[in-house]
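The values are calculated or read from the model by the stated rules, or taken from the named source; none is laboratory data. Quantities reported herein were computed from a predicted structural model and do not represent experimental measurements. Positions of Cβ are generated from backbone atoms using ideal geometry, with glycine treated the same way; all protein chains shown enter the neighbour counts. Heavy atoms of the whole protein, side chains included, go into the accessibility calculation; ligands, DNA and RNA do not. Shrake-Rupley method; radii C 1.70, N 1.55, O 1.52, S 1.80 Å.
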Amino acid sequence: MSPRALFDKVWDAHVIAQEEGSPAILYIDLHLIHDVTSPQAFAGLRESGSKVRRPDKTVATMDHSTPTLPVTFELRDEMAWAQLDQLKANCEEFGVRLYAMDSDKRGIVHVIGPELGLTQPGLTVVCGDSHTSTHGAFGALAFGIGTSEVEHVLATQCLLQRKPKNFRVHVDGFMQPGVSSKDLILALIAKIGVNGGTGYALEYTGAAIRAMDMEQRMTVCNMSIEAGARTGMIAPDDTTFEYLSGREFAPKDDAWDAAVQKWRELVSDPEAEYDRSIDFDAANLEPMITFGTNPGMAIPITAPVPDPKENHSLIPTAALEKALAYMDVAPGKPLLGHKLDVVFLGSCANGRLSDLRQAAQFLKGRKIADNLRMLVVPGSQAVKHQAEAEGLDRIFIEAGAEWRQAGCSMCLAMNGDEVAAGEYVISTSNRNYEGRQGVGARSFLASPLTAAASAVEGVITDVRAYL
């Protein structure tokens, strides 16, 4: 057999049938569902008289529509609550495991999958959510699907898919203090553009990737979709196995040893060929921040905002002009010192325990700026409980931040967790589209460290000034 890349190995192992010129029929190992994209899919099953083919390979959680404050009559979002009630009724009817509002295992779907050990190397993982690429950090083939595809997987445990090409992102060197995996992935998207990965599966390799812990790797893979890629993958290694060992749904005893032996084969062959390749030196990276209305509009935090009159970027000039007008930022000047109204720490990109620890370590003994609101939203209830056990909640509260229940929250402006029109938010989430965090809201994407430093100053701040 000719040398194969990691993606090819996982893909080939899951192809049930393939006719020349047609999509492959791909077997799905794990189907994750949540409250927003599943109601129509379950309604379709009901109308056709179908059942869920493999409820044992289907797991649901409540995350997008969940309130992060205690629900009172005044705070209740009736539409969101109806979605949660519908998910509960659907899961009961079709026999699907659900982590509901009263579950300590509930959380953002892309946070609880790994922390429960449901996500494992070599699996195919799908979800009706674009950031399913997160799970590729474990060497899984993971990607988001549409509502009709959710129904198809529920009914058949299979999916029609055209095979993407392979794109290798090789990252050597080591990140400097103040620079994180969020900065790395923003720098990549800025370099190749929001369409640079379209039609490809990204594989991240190199010393800088190997040096990352699993939560950092998840951040990188999470935002692969923002470069247009179908997925992002990292070959499993000892870091992966250490993370998974002992988790609830990970293999146990002899089955664990056999699984690890199999997982070690999930690495690209030395002579594997890629359709495209790019090299990065992590040592040259700076903290990154977005200035526009998509994640590709990102710059080093000390760099000037691009000027449409001297546009040499991948961004079309008209799009650049429109973004700068919406954000109301001046071209030719750095964003350092730009006033902020809100700071959001959370989401499936940066709502994990290590993200909270990093921000709390910076905020300890400090206060956030006056007239600035900071929301800290754990990615799961398990993250919340562990953070509280470590006293991180007290650090955030004493600094002046709001400590919330787990959920997607301000990432997509639900249940009242939103930014007012015209206000500026520095956010650790993964999207900064117009209106993403509130109608008329203006979002700067950044790392947890940059967000924490900016919260203290009340303006966009280079955390390296404190180091």
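Observations
- Residue count for the range 330-363, restricted to those that are in a helix (DSSP H, G or I), open to solvent by less than 50 Å² (accessible area, probe 1.4 Å) and on the phi < 0 side of the Ramachandran plot: 11
- Which numbered condition Ile301 fails, given (1) open to solvent by 20 Å² or more (accessible area, probe 1.4 Å); (2) over 21 Å from the mean Cα position of the chain (by Cα): (1)
- Test: residue in the range 156-168 that is surrounded by fewer than 22 Cβ atoms within 10 Å (Cβ to Cβ), out of contact with any strand residue (DSSP E or B) (no Cβ under 8 Å at 6 or more places or on another chain) and not β-branched (Val, Ile, Thr): no
- Under the condition of being at pLDDT 95 or above and open to solvent by less than 50 Å² (accessible area, probe 1.4 Å), the residues counted in the range 309-329 number 7.
- Complete set of residues in the range 7-16 that are assigned to a strand (DSSP E or B) and either more than 31 Å from the chain's Cα centre (by Cα) or in contact (Cβ under 8 Å) with a residue 60 or more places away in the chain (or both): Ile16
- Scanning the range 17-56 for residues that are open to solvent by 50 Å² or more (accessible area, probe 1.4 Å) and either within 22 Å of the chain's Cα centre (by Cα) or closer than 21 Å to Asp77 by Cβ (or both) returns a single hit, Gln40.
- Residue count for the range 382-419 satisfying the condition of being closer than 23 Å to Ala369 by Cβ, among the acidic types (Asp, Glu) and in a loop (DSSP other than H, G, I, E, B): 2.
- The set of residues in the range 177-198 being over 16 Å from Ser277 (Cα atoms) and in a loop (DSSP other than H, G, I, E, B) consists of Pro177, Gly178, Val179, Ser180, Val194.
- Close pairs from the range 139-151: first under 18 Å from Phe42 (Cβ atoms) and open to solvent by less than 20 Å² (accessible area, probe 1.4 Å), partner aromatic (Phe, Trp, Tyr) and assigned to a helix (DSSP H, G or I), Cβ under 9 Å, at least 6 apart: Val150/Phe42
- Only residues that are within 26 Å of Gly337 (Cα to Cα), open to solvent by 40 Å² or more (accessible area, probe 1.4 Å) and out of contact with any Lys or Arg (no Cβ under 6 Å at 6 or more places or on another chain) were counted across the range 377-402, and they come to 3.
To keep it simple, each residue is scored yes or no on (1) in a strand (DSSP E or B); (2) in contact (Cβ under 8 Å) with a residue 40 or more places away in the chain.
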site: Ala272; (1), (2): no, yes
site: Thr293; (1), (2): no, yes
site: Ile299; (1), (2): yes, yes
site: Thr302; (1), (2): no, yes
site: Lys309; (1), (2): no, no
site: His312; (1), (2): no, no
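- Qualifying residue in the range 166-188 (condition: farther than 30 Å from Thr58 by Cβ and modelled with pLDDT under 95): yes
- Sole residue being polar (S, T, N, Q), within 30 Å of Asp355 (Cα to Cα) and more than 23 Å from the chain's Cα centre (by Cα), chosen from Ser224, Ser245, Ser268: Ser268
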